[in-house]
Amino acid sequence: MVFPRLNDEMGKIKEAIKNNKILEETKIPNENKSEIRYENLTVYPLSGNNVDGAVIRIDDVTEQVHIEGMMIQSEKMLSVGSLAAGMAHEINNPLAGMMQNAQVMANRLSSRLPANKKVAGQVGVSMGDIHAYMEKREILSLAKNINDSGKRAAKIIRNMLSFARKSESKKIPHRLSELMDKTIEIACSDYDLKTDYDFKHIEIIRDYDTSVPAVLCDESKIQQVFWNILKNGAEAMQEIQKKSKFYLRIYKSDDMACVEIEDNGPGMDKKTRKRLFEPFFTTKGKEKGTGLGLAVSYFIIVKDHGGKISIDSDKGAGSKFSIRLKL
């Protein structure tokens, strides 16, 4: 056998030669040195001079498979974005009603409104007594908590819509510090039961240079990059015994705006570091990741925004992602 790795296809190849029919097999996986490559196999039967054989053509289509996978993932994300927009609309309506009613309750318990005093007098109580009871039972603070929680939920929904909305590649000036903080707020609302981390338990240490100008960029795409890096770091830090920390830095260097996202996780070896931005490369199980997050991030920063993204990491020494965007 000329190609030992085609052993599994030999039955089909012999059948094609026997029947003198061209055989085409697509996207055959071939695992080589812990890397899976994909190949198309075409068999052209030959016959003559009492010899039966075939011309076997093998095309490496790994990149094509990766691109198709990224397109499928992109379509899924667009579907999720549309679903999120619909859900946000359905949630916003009752949320607005809840907040409005909480505000109405607070107004009707106010001793400053003449209408409240009038009704209290009609039922034989004073507003002072009502207010004292409310204070004693903490009802006013509970009503305020309802309103505050509603405002926070509305803000989370706005941020998620901004993140999930279908992008038309509109680039307008944005402050990277604001995009980072919006992404952190979304991350703190990540309640996926499949994850082992809670963002609210991670210490965030910010070092933002407020003099860095706004950067011309696509808001949702840059947030997606921040999200992918933060989520990967949060998952990695689950392996350490000490308190998880993110160090976020934003500063200016020459004509570039620089963002650094550093964690105190387990870090990675040279082999992993070298392949980190490859499509479908993942050190996690299939149920936890597609291996597309950082590949998409690389494309967004380098191809879509003309910037640079790099990783500095060693085993046992944490990881630091550096992003540079033109000002």
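Can you find a residue in region 4-24 that is part of a strand (DSSP E or B) and either among the polar types (S, T, N, Q) or touching a residue at least 24 places away in the same chain (Cβ under 8 Å) (or both)? Among the residues of region 4-24, not one is part of a strand (DSSP E or B) and either among the polar types (S, T, N, Q) or touching a residue at least 24 places away in the same chain (Cβ under 8 Å) (or both), which makes the answer no.
Close contacts from region 113-141, counting a first residue that is over 20 Å from A102 (Cβ atoms) and a second that is assigned to a helix (DSSP H, G or I) and not hydroxyl-bearing (S, T, Y), with Cβ to Cβ under 7 Å and a gap of 6+ residues or different chains, come to K117/M127; A120/M127; A120/I130; S126/A120. Inspection of region 231-246 finds no residue satisfying the criterion of being of a type in the set (F, W, Y), farther than 29 Å from E63 by Cα and in contact with a Cys (Cβ under 6 Å, 6 or more places away or on another chain). Pairs needed: first member in region 58-73, outside the structural domain of M10 (by TED's automatic domain parsing) and surrounded by 14 or more Cβ atoms within 10 Å (Cβ to Cβ); second member anywhere, at pLDDT 70 or above and β-branched (V, I, T); C-beta distance under 7 Å; at least 6 residues apart or different chains. Here the result reads M70/V296, each pair linking region 58-73 to a residue that is at pLDDT 70 or above and β-branched (V, I, T). When restricted to residues that are closer than 30 Å to T272 by Cβ, not in a loop (DSSP other than H, G, I, E, B) and not basic (K, R), region 27-59 contains 12. Which ones in region 88-106 are of a type outside the set (V, I, T) and surrounded by 13 or more Cβ atoms within 10 Å (Cβ to Cβ)? Those that are of a type outside the set (V, I, T) and surrounded by 13 or more Cβ atoms within 10 Å (Cβ to Cβ): A88, N92, L95, M98, M99, N101, A102, Q103, M105, A106.
The values are calculated or read from the model by the stated rules, or taken from the named source; none is laboratory data. Everything numeric in this text was worked out from a predicted model, so none of it was measured. Neighbour counts run over all protein chains shown; Cβ positions are idealised from the backbone, glycine included.
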